[in-house]
Amino acid sequence: MDQKDNEGQEASVILSLVDVRKSYATGPVVAEILRGVRLDVYRGDLLSIMGPSGCGKSTLMNILGLLDQPTSGSFFLNGREIGAMDDDELSALRNASIGFVFQSFHLLPRLTAWENVAVPLVYRGLASATAQRRALKQLDKVGIGARANHRPDQLSGGQRQRVAIARALVGEPDILLADEPTGALDAETSDEIMQLFARLNAEERLTGIIITHDREVARQCARRTRISDGVLSEAEPPRGAGHAPGTGD
Amino acid sequence: MLALAQANLKEAASSLLAAKQRTLLALVGIAIGIGSVIAMISVGVIARDEALRQFQELGTDILTITFQHSGPAGGLSAVTPDEALGVTRLAAIAAAAPYAVSYAQFALPGREAKDVMLLGATATLPDLNKLKIETGRHISDLDLRRYFCVIGSEVAAALRATGIQRLVGEAIEVAGSVYTIVGVLRRTPKGMRDFDVNHSIIVPLSTAQRVFRQPEIHSITARLSPGTYHVTAELKVGDYFRRISPGIEVRVRSAEHLIEQMHKQMRLFALLLGSVGGISLLVGGIGVMNVMLVSVSERRREIGIRRALGARRMDIQSQFLIESVVLSLAAGVIGVGAGVGVTWAICQFTDWAFRISMLAVGLGVGVASAAGVFFGFYPAYRAARLDPVTALRGS
């Protein structure tokens, strides 16, 4: 595994997609969703992936999150090819290397905030006390420690997303994978969440991939990519600001 | 404690509590199954012990010989006292107590007449029927044709109720004859005896021959010689009476014979209970499976989230298995409680000695958890095999 890079050194590639293709067979029709995606993600990147709906964003997200496998092509995570891994290895790798943030938060409704945050640690087989201590610390870090014992239905949208971010980060993953993280939030809360990402990226060299169709969100990422017709390309930074956030599909 | 185990248990409890109605219905099914099996097993065991105790109280070496209605002419077959006592000449028989029976009323001063059973018996009767004296003495062979009697505890109680304090030496009139009480018997449960001695008055057999309207012998209590196989003795006794009185209908029963029959019945009973319990458990188990299948399909998104956060298939499978075991075990505990309660109630009602059969309790709890694993396996397997991407999308 890679050690944390020393200051000034060239950043290392932690994720690499080589000619990744994904197609689905619906009866006799085969639909190719991803048509040869190439992408290198470096430690410390804050990268956005934009694109219209139906262009393969979710499929790419599922592959990046190890929830789905490419039909062809290679996917390297920390130098390891994931194509040869079985389900248990993928689960363990997801637990260790990927932190998910979803558009609709996906907190478990019957658990309190800290219990939700502790779930990834639970699957690592940690002792209860350790898991709880780390979960509480992580909640403090995202500024919501005071709500540790609230259940999701007692929290606002922004608070829920902070809990979800704490959950994504508690296991110290290599990559934070956010799928429309601000899609269910108002403009002001979106801004707060994006500032939180920016701060974690700047202060802790958090590597983040944010899938969005909100230009304002994409604008706050240092690297911007666009996916169109199943092909990913580095995009020019958008000039005009003021696009309304959360534009629906 | 590992966070995983703790989280699984907590999750199981909270998920089951969240769907109260459904959980309750499945619970009732299993609880009834387990409860009825436990109640039936316990009651069966207690009833058998009770019956065995009654047999063993008399001793398993005791034969009961009775003469039945014989031939188309009807009427009771009977033998004379001498013929009856002749049975002791058989090597298989160590002792015999023939007795004649007459039903009579005896007058109590200033009260309603009381129905009693008059037993004309030999001195061997108390020993072979385990009758114990409270005060006075038993009838003896020396009381030949005397008007002496030994009274049962209920008869004694009726007499005491009229104000008589010292019963021994008192004279009572029964069926037109006056007898002097020489002994009072201790209260004795009827058990396997053919007569209820508490409501009886025992007089010498020789006296009975003079006063009873039908002084013939219809019943004999006999004791096997040590080491004699009861079936052999039953055959020999039958042969003996048929030889001296051709055409007589003899029925010979031994305690061992009855115990054997009872064991056979118990086996049949156990088989029946097993099937009833099995069927109710099957029905309850299908209820559990249904609850778990609904739970899995309602929680597809949760399963997807957990998989995304790093849960392996095994983790998901054990989570749902634990939930179904918790459900079944809760039902099992309720069932055990209900079963023990029902057993207790039946014992109160029948006057049997209540005790909890640990075998039944262990069986109940064990079977409940086994049912949880068995019927929870398929739903848990389905949950574990869900594709994470599909699951995350929810239903």
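Read-outs: derived from the displayed coordinates by stated rules, not from any lab. This structure is a prediction, so every number in the text was calculated from the model and none was measured. Here the Cβ positions follow ideal geometry from the backbone for every residue, glycine too, while neighbour counts run over all protein chains shown.
Of the residues B:Val296, B:Gln348, B:Ser42, the one whose Cα sits farthest towards the positive end of the charge dipole of chain B is B:Val296 (charges of +1 on Lys and Arg Cβ, -1 on Asp and Glu Cβ, taken about the Cα centre). Ordering B:Ala97, A:Ala113, B:Ala7 by the projection of their Cα atoms onto the charge dipole of the protein assembly as shown, which places +1 on the Cβ of Lys and Arg and -1 on the Cβ of Asp and Glu, puts B:Ala97 at the extreme positive end. If only the Cβ of Lys and Arg carry +1 and only the Cβ of Asp and Glu carry -1, the dipole of the protein assembly as shown around its Cα centre is close to 1220 debye. Full extension of the chain between B:Asn290 and B:Asp127 gives 52.3 nm of extra length, using 0.36 nm per residue less the Cα-Cα distance. Between B:Ala161 and B:Arg145, the modelled labels are 3.7 nm apart [label points 7 Å from Cα along Cα→Cβ]. Taking other Cβ atoms within 10 Å as a rough exposure proxy, A:Ser16, B:Ser42 sort from fewest to most as A:Ser16, B:Ser42. Of the three principal axes defined by the Cα atoms of the protein assembly as shown, the extents in descending order read 134, 55, 42 Å.
With a cut-off of 18 Å on the backbone N, the residues of the range B:302-336 near the modelled label site 7 Å out from B:Thr390 along Cα-Cβ are B:302-308, B:313-314, B:316-317. Spin-label pair B:Asp194-B:Thr80: with each label point 7 Å from Cα along the Cα-Cβ axis, the two points sit 2.0 nm from one another.
Counting Cα-Cα pairs of the range A:8-132 in 10 Å increments starting at 0 gives whole-percent bin shares of 11, 34, 33, 18, 3, 0. Restricting attention to the range B:78-246, close to 75% of DSSP beta bridges with both partner residues there are antiparallel. Using only Cα atoms and rounding to the nearest 10 degrees, what angle (0 to 90) does helix B:313-350 make with the longest principal axis of chain B? Long axis of B:313-350 versus the principal axis of chain B: about 20 degrees. Counted by Cβ distance under 11 Å from A:Asp87, the other residues give a net charge of +1, where Lys and Arg count +1 and Asp and Glu count -1. Give me the distance between the Cα centres of the range B:301-368 and the range A:47-66, rounded to whole Å. Here the two parts' Cα centres lie 46 Å apart. For the range B:119-136 versus the range A:92-120, the spacing of their alpha-carbon centroids is 85 Å. Kirkwood-type hydrodynamic radius, the range B:325-395: 14.7 Å, calculated from all non-identical alpha-carbon pairs. Applying 1/(1 + (r/R0)^6) with R0 = 22 Å to the Cβ-Cβ distance of A:Thr26 and A:Ser53, what FRET efficiency is obtained, to the nearest 0.05? It comes to 0.75. Counted over the range B:244-395 with a bin width of 5 Å, the fraction of Cα pairs per bin, in whole percents, is 2, 8, 12, 13, 12, 10, 8, 7, 6, 5, 4, 3, 2, 2, 1, 1, 1, 1, 0.
Charge dipole of the range A:105-160 (Cα centre as origin; +1 on each Lys and Arg Cβ, -1 on each Asp and Glu Cβ, all else neutral): 120 debye, rounded to the nearest 20. Note on chain A: helix-only mean residue ellipticity at 222 nm, from DSSP H runs of 4+ residues weighted -39500 (n - 2.57) and normalised by residue number, equals -9500 deg cm²/dmol. For a straight C-alpha distance cut-off of 24 angstrom, the lysines reachable from A:Lys57 (same-chain residues fewer than eight places away being disregarded) are A:Lys22.
Just so you know, the Rg over Rh for chain B is 1.26, from Cα atoms, with Rh as the Kirkwood radius.
Report the antiparallel proportion of the DSSP beta bridges in the protein assembly as shown as a percent, rounded to a multiple of 5. Bridges in the protein assembly as shown that DSSP calls antiparallel: roughly 70 percent. The slack in the chain from B:Met266 to B:Leu17, taken as 0.36 nm per residue of separation less the alpha-carbon distance, amounts to 85.5 nm. Could you list the residues of the range A:49-83 with an amide nitrogen less than 18 Å from a label point located 7 Å from the Cα of A:Arg38 in the Cα-to-C-beta direction? Only A:72-77 pass the distance filter.
Net charge dipole, chain B: roughly 1440 debye, given to the nearest 20, about the Cα centre with Cβ charges of +1 for Lys and Arg and -1 for Asp and Glu. Annotation: the residues A:Ile165, B:Ile279, B:Ile93, A:Ile82, sorted from fewest to most other C-beta atoms within 10 Å of their own C-beta, follow the order B:Ile279, A:Ile82, B:Ile93, A:Ile165.
Dividing the summed helix terms, -39500 (n - 2.57) for each DSSP H run of n ≥ 4, by the number of residues in chain B produces a 222 nm estimate of -19000 deg cm²/dmol to the nearest 500. Along the axis of the charge dipole computed for chain A (Cβ charges of +1 for Lys and Arg, -1 for Asp and Glu, origin at the Cα centre), the listed residues A:Thr26, A:Gly183, A:Ala164 are led at the positive end by A:Ala164. Measuring r between the beta carbons of B:Glu173 and B:Thr350 and using R0 = 22 Å, the FRET efficiency lands at 0.05. With r as the distance between the Cβ atoms of A:Glu172 and A:Asn149 and R0 = 35 Å, compute the FRET efficiency 1/(1 + (r/R0)^6) and round to 0.05. The computed FRET efficiency comes out at 0.90.
Over all pairs of different C-alpha atoms in chain A, the reciprocal of the mean inverse distance, the Kirkwood hydrodynamic radius, equals 18.7 Å.
If a spin label sat at a point 7 angstrom from the Cα of B:Leu359 along the line to its beta carbon, the backbone N atoms of the range B:31-57 nearer than 19 Å would be those of B:34-56. The alpha carbon convex hull volume per residue for the range B:107-193 rounds to 99 Å³. For B:Lys236, the lysines whose Cα comes closer than 26 Å to its Cα, not counting residues fewer than 8 places off in the same chain, are B:Lys130, B:Lys264.
Peptides B:339-347, B:310-318, A:226-234 ordered by packing proxy, namely the average of other Cβ atoms within 10 Å per residue, highest first: B:310-318, B:339-347, A:226-234.
Rounded to the nearest 10 degrees, the angle from helix B:358-385 to the longest Cα principal axis of chain B is 20 degrees. Global dimensions of the range B:78-246 from alpha-carbon coordinates: Rg and Dmax equal 16.7, 54 Å. A viscosity of 0.890 mPa s and a temperature of 25 °C, combined with the Kirkwood radius over Cα pairs in Stokes-Einstein, give a translational diffusion coefficient for the range B:54-159 of 150 µm²/s.
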